[in-house]
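To keep things clear, I will list the structure first and then write my remarks on it.
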Amino acid sequence: MIGIILLWLTAWQSPAADLQVTVGVLAHRGVDTAIEMWSPTIAYLEEHISGRKFRLMPLDLQEVSEALSRGELDFILTNPGNYVELEAGYGITRIATLKNIRNGQPSKTFGAVIFTRASRDDIHTLADLRGKTFDAVDEGAFGGFQMAWRELMDADIDPFSDFSELRFSGFPQDNIVFDVRDGRLDAGTVRTDILEGLAGQGLIELADFRILNRQAADDFPFLHSTRLYPEWSFDNARGTPEGLAREVVFALLQMPVEHSAARAVEYAGCTVLINYQPVHDLFRQLVIGPYARPASFTLADAIARYWYW
């Protein structure tokens, strides 16, 4: 009898649980900013997909993996580097690519900017960073370190051995900009549009910064120092119902550019998927992510581990 009651309770509770949809978002500018930016998108999805309650979950890089491993996410908004690693590790699938927009110009790609203070007469090129202090987000941050890492390696600079200090400050990325501006570190890197965004808010002056390894692209409106890569993607977790994923991607593709949800994140909605080969090329060159080699096991390792026997 008890077993029947428990079975009935489970059956009674499961429909309500199935109604909730959890969307994780990589909070690269901090939790509060992520909530402010993405809550209108969550409300938009709830309005356009009947019978579902959507919940936003801001996360850092480690928390994204942990939430997926616990099966807590139905969808995830994240950068392409994080996506490639999560695809390999947790079987997520991208369903749409975001289109960034600034000053009326949309873009399906982004990069990173490497910068120092404009007043630093001793830093004009990437080579000048040798022996200097450098600020980034995290070793696993795609736009917050790995893009810059690739360009530094091409300039024969190993960030792990050639800087006097390599600091990983975490999120929000805004703090890296302030650290460099205020002289706490010599140089740093953040994803594209962070500098323009802070300048637009009146928090910095772009003239106070010098962009290193500056690149030019007619169809890309932001300051950048690196190659360009696909923009953030909207992805579904392994096990998310296919019908729900179709409803979500249809709603996102139908979002008008002028919708308040799009304006809140300065995105011009979503587009169909674009080529992620540049992301794989970066990982392959740096030998990280899915292309990381197994750690070597040397004679010294064997002696250290098995000396007793």
Inset, instruction - Please say if the stretch 124-186 is rounded, prolate or oblate, where rounded means a/c under 1.5 for a ≥ b ≥ c the square roots of the C-alpha gyration tensor eigenvalues, and otherwise the choice is prolate for a/b larger than b/c and oblate otherwise? - result: oblate
Inset, instruction - Compare the peptides 35-43, 249-257 by average per-residue count of other Cβ atoms within 10 angstrom and give them in order, highest first. - result: 35-43, 249-257
Legend entry - 5 angstrom amide H check on Leu223, placed H, neighbours 5+ away: Asp193
Inset, instruction - Rounding to the nearest 20 debye, state how big the charge dipole of the chain is about its Cα centre with +1 on each Lys and Arg Cβ and -1 on each Asp and Glu Cβ. - result: 460 debye
Legend entry - Backbone HN-Hα couplings from phi across the stretch 89-99 [Karplus 6.51/-1.76/1.60, Hz, Gly and Pro as x]: x, 10, x, 6, 10, 7, 10, 7, 10, 6, 10
Legend entry - Under-5 Å amide H pairs with Gly188, H placed in peptide plane, nonlocal only: Phe115, Asp135
Legend entry - On Cα atoms only, tilt of 31-48 relative to the major axis of the chain in degrees: 40 degrees
Legend entry - Cα pair distances in the chain, grouped into 20 Å bins until the bin that holds the longest one, percent each: 30, 52, 16, 2, 0
Inset, instruction - At 1.4 Å probe size, with every protein chain present, just tell me what the per residue accessible area of the chain comes to in Å². - result: 49 Å²
Legend entry - Angle in degrees between helix 2-19 and the longest Cα principal axis of the chain, rounded to the nearest 10: 50 degrees
Inset, instruction - In Å and from the alpha-carbon atoms only, list the Rg and Dmax of the stretch 154-282. - result: 18.3, 52
Inset, instruction - At 7 Å along the Cα-to-beta-carbon direction for both His280 and Lys53, put a label point, then send me their distance in nm to one decimal. - result: 4.1 nm
Inset, instruction - Quickly rank 160-173, 53-66 as a protection proxy: mean count of other C-beta atoms within 10 Å, highest first. - result: 53-66, 160-173
Inset, instruction - Would you work out what percent of the accessible area of the chain, with all protein chains in place, is carbon or sulfur (probe 1.4 Å)? - result: 52 percent
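The values are calculated or read from the model by the stated rules, or taken from the named source; none is laboratory data. These figures come from a predicted structure and were not determined experimentally. For neighbour counting, all protein chains shown are included, and Cβ atoms are generated from backbone atoms with ideal geometry for every residue, glycine included. For accessibility, only protein heavy atoms count, side chains too; no ligands or nucleic acids. Shrake-Rupley method; radii C 1.70, N 1.55, O 1.52, S 1.80 Å.
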